[in-house]
Ligand SMILES: Cc1ncc(COP(=O)(O)O)c(C=O)c1O
């Protein structure tokens, strides 16, 4: 009997499907090889952005390619331009190192392909989030009744929390912002420290609260708000108000003086939001918890999974002490989506999106793997290692550590005694030399009007040897730069 065309097509589809599943193991082997190589070597990407652009450039594919060919091509194109941020000596930014347990959970999340919008469509994903949320609140010692939304990172966490804040303070003023928007609404005063993270201003812009109309509160040398100035600014505001404090300044790791700010905030009926992208995790470690004492009294908290908890990207948590405001601000209702019962939680009620990946799986896996003790131990180790780095740098003539190292952040300036312009030039040169030497990766920033080297200790594999090797590299670079000036 002659074979019909449709039979051949079906066979091809079946054959493709067989290849497609096998491709997962091929990708896993390549990923494992990559991670083993990066663990032993931390520098910077072999290929620059310009080289990558050239390599990736190509015409729109007219015909499809085989599964293996596609994935092999992806690996060959991507690997030269990968920044080894998962390595033990990556100190460039405050980023976690995508722990293999979190990555494995994340692979499964992708393979399972759950749409984490509601509990009927994704029962396991919704239940995993509920348990992970409960564990997070326990480990961070935040109110057990708070609601948690699983978002892409601290930026979207602040966005979600501030949407809840906006709803709450305007409801108290008799305005329904969800229905009426902001046109004609009572004015909301937003107070932000002078050294707040830039993502806060981005979220305020998105929420219609304006980047430039915020009230800036002067901050001290470590970037924490000054209490008398804060009180004066708050006293000058009438009507609904939102105060945004920080747990962990991006350069110094400093904490705003929340315990001293809270009585005024409460007396004023304002909402207190905490941006604790990494610093909130200080609360998970007995040694560092005093730095963030009293922060549990806030109304909302934004933090990341992909920083100190070491989940892979992307993962952040929007935590709100007023679940009604959280849900009111973010729930998207539709007739084809069954509403959650009172004791049920739909993941989409607490985040801006409807369809999204099931971030609860990787969060659950990292919390299960590290446990309360593992997280406390890691935070403690990173802070100890940051102090070790600072002590090494401080002993070297010409290097100044510019912050008091209470958390995991070290910032250093080079060329003490030189004028600002010369010290800036020297600092930039040291950073460039360290980066090209390839023993570790450090970054730079402007801090209080001067150039500084930033060292963020937040990768789970980092140990004493890594810190010593990085300190040697930085000191060597400084000695070379200083000899040739
Ligand atoms: C204090 C602070 N807030 C917010 C953010 C933004 O976090 P994400 O990039 O995860 O959105 C960061 C990132 O480093 C941060 O350090």
Principal axes first, then extents: for the Cα atoms of the stretch 122-174, list largest minus smallest coordinate on each axis, whole Å, largest first. 38, 23, 21
Do me a favour and compute the ellipsoid semi-axes for the stretch 103-368 from its Cα gyration tensor, root of five times each eigenvalue, largest one first, whole Å. 30, 23, 15
Kirkwood Rh, angstrom, the chain [1 / mean 1/r, Cα pairs]: 24.4 Å
Least to most buried among 280, 137, 191 (fewest other Cβ within 10 Å first): 137, 191, 280
Quick check: the distance between the Cα centres of the stretch 100-174 and the stretch 40-81, to the nearest angstrom? 33 Å
Cβ-Cβ FRET estimate between residue 368 and residue 289, R0 fixed at 25 Å, reported to 0.05: 0.70
Whole Å is fine, so just give me how far the alpha carbon centre of the stretch 406-484 lies from that of the stretch 184-213. 33 Å
Pairs of alpha-carbon atoms within less than 8 angstrom and 6+ residues apart define the contacts here; what relative contact order does the chain have, in percent? 22 percent
Once fully extended, how much extra length lies between residue 179 and residue 83, figured as 0.36 nm per residue of separation less the alpha-carbon to alpha-carbon distance? 30.1 nm
Simple spin-label estimate for residue 120 and residue 60 in nanometres, 7 Å along Cα-Cβ: 3.8 nm
Rank these for me by crowding, 281, 460, going from fewest to most other beta carbons within 10 Å. 460, 281
Taking neighbour Cβ counts within 10 Å as the exposure measure, how do 48, 167 sort from fewest upward? 48, 167
Could you give the nm distance between label points at residue 344 and residue 206, where each point is 7 Å from its Cα heading toward the beta carbon? 2.8 nm
Can you bin the stretch 283-422 into rounded, prolate or oblate? Criterion: square roots of the alpha carbon gyration tensor eigenvalues sorted a ≥ b ≥ c, rounded for a/c under 1.5, prolate for a/b above b/c, oblate for the rest. prolate
Given an 8 Å cut-off on Cα distances and at least 6 residues of separation, report the relative contact order of the stretch 103-368 as a percent. 32 percent
Mean Cβ neighbour count within 10 Å, used as a protection proxy, ranking 450-459, 387-396 highest first: 450-459, 387-396
Obtain the nm distance between the two label points defined at residue 112 and residue 354 by a simple spin-label model: each point lies 7 Å from its Cα along the Cα-to-C-beta direction. 2.3 nm
Compare the peptides 27-36, 311-320, 227-236 by average per-residue count of other Cβ atoms within 10 angstrom and give them in order, highest first. 311-320, 227-236, 27-36
Full extension between residue 33 and residue 448 adds, at 0.36 nm per residue less the Cα distance, a length in nm of 145.2 nm
Theoretical gain in end-to-end length, residue 468 to residue 396 [0.36 nm per residue, Cα-Cα removed]: 24.5 nm
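The numbers here are math on the coordinates, done by the rules we state, and not lab data. Note that the structure is a prediction, hence the values are computed from the model and not measured. Every residue, glycine among them, receives a Cβ derived from its backbone with ideal geometry; neighbour counts consider all protein chains shown.
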